[in-house]
Amino acid sequence: MAAPVSDAPQAHVPDTPRSAMRAVGAESLNVLHFARQHAGALSLVFLGVLLPLWVFAALVGEVHEQEVFAFDAPLLNALHAIATPTLDTFFSWMSKLGFLWGVIPLDVAVVLWLALRRRSRPTLFFGISLVGSAILNVAAKNYFARMRPSLWLSITPETTYSFPSGHAMGSATLGVALVLLFWRTRWCWLVTPVIVLFVLLVGVSRVYLGVHYPSDILAGWAAAMAWVVGIHQLVDRTSPQPAVVGS
């Protein structure tokens with residue numbers, strides 16, 4: 001019995017070296033054209049997803065093997081060496097703002113603001129980013145079960161596991177999500193430096209207070225960035241266009 005003949009067009013295979021070179025050149029031009037057209041998206045995927053994932057994977061490998069990071073103890077001791085009552089108060093407040101007193105209320109406020117404005121796609125992106133980040137952090141903490149630093153008695157002791165930092169991951173999740181929401185607006189250049197400074201200070205506060213290793217902070221930042229940027233790319237390309245709401 002004869003095999004059925006497909007209606008699909010058959011690919012033309014170059015029959016001479018010259019035609020093969022032409023085909024390779026044409027495909028290379030197509031790749032370059034695509035890269036030029038989507039340079040922004042490709043850069044975002046590389047810098048916002050692949051690079052942070054590489055950093056997180058490198059940290060995870062060492063933590064899983066219970067290796068000691070060379071920079072953890074020196075940075076902890078360096079910050080502890082400059083401790084003063086004023087800095088104690090400042091970084092204690094930054095730590096509080098990095099979670100229950102700042103980040104969480106702002107998370108809720110942004111979601112409600114987007115929902116009330118019927119911004120379906122940004123609401124979906126922001127909501128998934130926050131919930132997914134929280135779940136990932138709790139799961140990672142319990143999986144790696146890394147104990148907190150014990151170089152000195154902290155003025156704000158913690159009893160949960162250490163890796164990755166929940167404060168670092170939560171503040172970075174909020175920060176990266178806000179930057180992406182404001183990226184194409186005139187507010188971007190005002191919002192971004194404030195967010196970067198806030199996320200940095202929250203991370204430093206946790207090391208200063210002696211409740212996290214610097215590697216915990218880096219892992220939290222890397223995981224948050226990879227997750228949020230990945231969700232942004234997914235939602236931006238797969239979610240339906242928001243419905244037009246009548247005035």
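Among L124, L116, which is touching a residue at least 60 places away in the same chain (Cβ under 8 Å) and open to solvent by 60 Å² or more (accessible area, probe 1.4 Å)? First the steps, then the outcome.
Values: L116 fails: touching a residue at least 60 places away in the same chain (Cβ under 8 Å).
It is L124.
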Take the residues of segment 127-145 that are open to solvent by less than 20 Å² (accessible area, probe 1.4 Å) and hydroxyl-bearing (S, T, Y): which is farthest from G61 (Cα to Cα)? S129
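Within segment 221-237, can one find any residue that is acidic (D, E), assigned to a helix (DSSP H, G or I) and either surrounded by fewer than 23 Cβ atoms within 10 Å (Cβ to Cβ) or modelled with pLDDT of 90 or more (or both)?
Filtering segment 221-237 down to residues acidic (D, E) leaves 236.
When the remaining residues are screened for being assigned to a helix (DSSP H, G or I), the result is 236.
Pick out the ones that are also either surrounded by fewer than 23 Cβ atoms within 10 Å (Cβ to Cβ) or modelled with pLDDT of 90 or more (or both) and you get 236.
There is at least one residue in segment 221-237 that is acidic (D, E), assigned to a helix (DSSP H, G or I) and either surrounded by fewer than 23 Cβ atoms within 10 Å (Cβ to Cβ) or modelled with pLDDT of 90 or more (or both).
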How many residues are out of contact with any Gly (no Cβ under 6 Å at 6 or more places or on another chain), open to solvent by 10 Å² or more (accessible area, probe 1.4 Å) and either among the aromatic types (F, W, Y) or not in a helix (DSSP H, G or I) (or both) when one looks only at segment 152-178? 8
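Being outside any helix (DSSP H, G or I), within 30 Å of T86 (Cα to Cα) and basic (K, R) is true for just one of R118, R148. Which residue is that?
Details: R118 fails: within 30 Å of T86 (Cα to Cα).
The unique qualifying residue is R148.
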Which one of the conditions (1) in a helix (DSSP H, G or I); (2) at pLDDT 90 or above does G48 fail to meet, given that it meets all the rest? (2)
Failed condition for R184, given (1) of a type outside the set (S, T, N, Q); (2) within 24 Å of L124 (Cα to Cα); (3) surrounded by 13 or more Cβ atoms within 10 Å (Cβ to Cβ): (3)
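Do we have R148 as over 18 Å from the mean Cα position of the chain (by Cα) and open to solvent by less than 50 Å² (accessible area, probe 1.4 Å) here?
Working: over 18 Å from the mean Cα position of the chain (by Cα): yes; open to solvent by less than 50 Å² (accessible area, probe 1.4 Å): yes.
So R148 passes the test.
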I'd like to verify a number: residues in segment 149-167 that are under 17 Å from I217 (Cβ atoms), of a type in the set (A, V, I, L, M) and either at pLDDT 90 or above or in contact with an Asp or Glu (Cβ under 8 Å, 6 or more places away or on another chain) (or both), how many? 0
Considering only residues that are under 16 Å from V207 (Cβ atoms) and touching a residue at least 24 places away in the same chain (Cβ under 8 Å), which ones fall in segment 64-89? F69, F71, D72, A73, L75, L76, N77, L79, H80, A83, L87, D88
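When you check V60 against the structure, is it β-branched (V, I, T), over 18 Å from G203 (Cα atoms) and modelled with pLDDT of 90 or more, yes or no? Break it down into steps so the answer makes sense when it comes.
Working: β-branched (V, I, T): yes; over 18 Å from G203 (Cα atoms): yes; modelled with pLDDT of 90 or more: yes.
Yes: the conditions hold for V60.
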Which numbered condition in (1) touching a helix residue (DSSP H, G or I) at 6+ places or on another chain (Cβ under 6 Å); (2) open to solvent by 90 Å² or more (accessible area, probe 1.4 Å); (3) at pLDDT 95 or above is the only one that T86 fails? (1)
Please go through segment 187-206 and give me each residue that is β-branched (V, I, T), in contact (Cβ under 8 Å) with a residue 60 or more places away in the chain and open to solvent by 10 Å² or more (accessible area, probe 1.4 Å), ordered by number. V204
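The values are calculated or read from the model by the stated rules, or taken from the named source; none is laboratory data. Please read all numbers here as calculations on a predicted model, not as lab measurements. Ideal geometry is used to build each Cβ from the backbone, glycine not excepted, and the neighbour counts take in all protein chains shown. Just the protein is used for accessible areas: all its heavy atoms, side chains included, with ligands, DNA and RNA removed. Shrake-Rupley method; radii C 1.70, N 1.55, O 1.52, S 1.80 Å.
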